[in-house]
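Participant: I'd like to ask you about the structure that follows.
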Amino acid sequence: MLTLFLRAVFLDLFVLLILRLTGKRQVSDLQPYDLLMTLIIADLASTAIADTDIPLLYSVVPILALYLVQQAIAKLCLKSSAARRLICGTPQILVLDGVLQEKVMRRTNYTVRDILDSLRSKDVFDVGEVAYAILETNGTVSVLEKAAFQRPSRRDLGLPDGSAALSHLLILEGRIQKSGLKTLHLKEKDVETILKRNGLSLRSVFFAQMNGDGELHVQLDRAHQSRVCSCSADA
């Protein structure tokens, strides 16, 4: 039992390392070959874990070989568009100006229901509103609505652009997060001063984040009536 446990821990860490080296991507973002490689690696690892008669090298070496092949193919796809088309395929237009493309649907094995499901996942409920629906090489569907149905932007409405400042976590369960302080170039005393100026204490804060404009979004814990408020970092 101890041998099984140690083999499982080793192979789990080894496979995790290999997958991290291939790139941090979700399954939905994987190309077909990448997904196939991931499944084969999982099978090789599980076989060695379950059968102690199989030497670990019989799984480690093939997994390393698959990783090296995957890296070689990735480099080849970066350098050659022809190789990328052959291995990964090309995007296919499923809907063009509100019209379903039947030839493409047959070629990609996409049904009308599949397209309607994909459109609804993009908050589009009428094919007639679609300018383009494109099946990407990773299997996802990208949708561009016709101009008349696109959501207006701030610029379209004549409003100032404003800023798209990224928010950073500053406080979690009453504890100041040092990574957020470093990103925002703040010190712990600065955060405590901001809270004190707004009548809050560090212990009462369940969650707080600050954006690049200095606006602090605070949610208090249950013991302090669990409310959400916005504070300013300005004096």
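The values are calculated or read from the model by the stated rules, or taken from the named source; none is laboratory data. From a predicted model like this one, the values you see are computed outputs, not experimental measurements. So basically every Cβ, Gly included, is an ideal-geometry build from the backbone, and we count neighbours across all protein chains shown.
Participant: Where the second residue is outside any helix (DSSP H, G or I) and of a type in the set (Val, Ile, Thr) and the first is free of Cβ contacts under 8 Å to residues at least 60 places away in the same chain and lies in the stretch 179-199, which pairs have Cβ atoms under 6 Å and are six or more apart or on separate chains?
Facilitator: Partner pairs satisfying both residue conditions: 188/176; 191/176.
Participant: Let me ask you something else. Looking only at residues in the stretch 51-64 that are without any contact (Cβ under 8 Å) to a residue 24 or more places away in the chain and among the hydrophobic types (A, V, I, L, M, F, W, C), which one is surrounded by the most Cβ atoms within 10 Å (Cβ to Cβ)?
Facilitator: The extreme case among them is 54.
Participant: Can I ask one more? With the requirement that a residue be touching a Pro at 6+ places or on another chain (Cβ under 7 Å) and either in the same structural domain as residue 207 (by TED's automatic domain parsing) or under 17 Å from residue 100 (Cα atoms) (or both), what does the stretch 122-169 give you?
Facilitator: 134, 135, 136
Participant: Here's a follow-up. Yes or no: residue 147 exposed (fewer than 10 other Cβ atoms within 10 Å of the Cβ), among the aliphatic types (A, V, I, L, M) and over 30 Å from residue 220 (Cα atoms)?
Facilitator: Judged against the criteria, residue 147 is a match.
Here is a yes/no grid of residues against (1) in the same structural domain as residue 118 (by TED's automatic domain parsing); (2) aliphatic (A, V, I, L, M); (3) within 30 Å of residue 137 (Cβ to Cβ); (4) modelled with pLDDT of 85 or more:
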site: 8; (1), (2), (3), (4): no, yes, no, yes
site: 18; (1), (2), (3), (4): no, yes, yes, no
site: 28; (1), (2), (3), (4): no, no, yes, no
site: 43; (1), (2), (3), (4): no, no, yes, yes
site: 49; (1), (2), (3), (4): no, yes, no, no
site: 52; (1), (2), (3), (4): no, no, no, no
site: 63; (1), (2), (3), (4): no, yes, yes, yes
site: 72; (1), (2), (3), (4): no, yes, yes, yes
site: 81; (1), (2), (3), (4): no, no, yes, no
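Participant: Check 213, 117, 190 and return the single one that is of a type in the set (Asp, Glu) and modelled with pLDDT of 90 or more.
Facilitator: Numbers: 213 fails: modelled with pLDDT of 90 or more; 190 fails: modelled with pLDDT of 90 or more.
Result: 117 is the single residue among 213, 117, 190 that is of a type in the set (Asp, Glu) and modelled with pLDDT of 90 or more.
Participant: If the requirement is being touching a residue at least 40 places away in the same chain (Cβ under 8 Å), part of a loop (DSSP other than H, G, I, E, B) and closer than 17 Å to residue 217 by Cβ, which of these qualifies: 170, 166?
Facilitator: Every option except 166 fails the conditions.
Participant: Please enumerate the residues belonging to the stretch 120-152 that are of a type in the set (S, T, N, Q) and at pLDDT below 90.
Facilitator: Hits for the stretch 120-152 are 137, 138, 140, 150.
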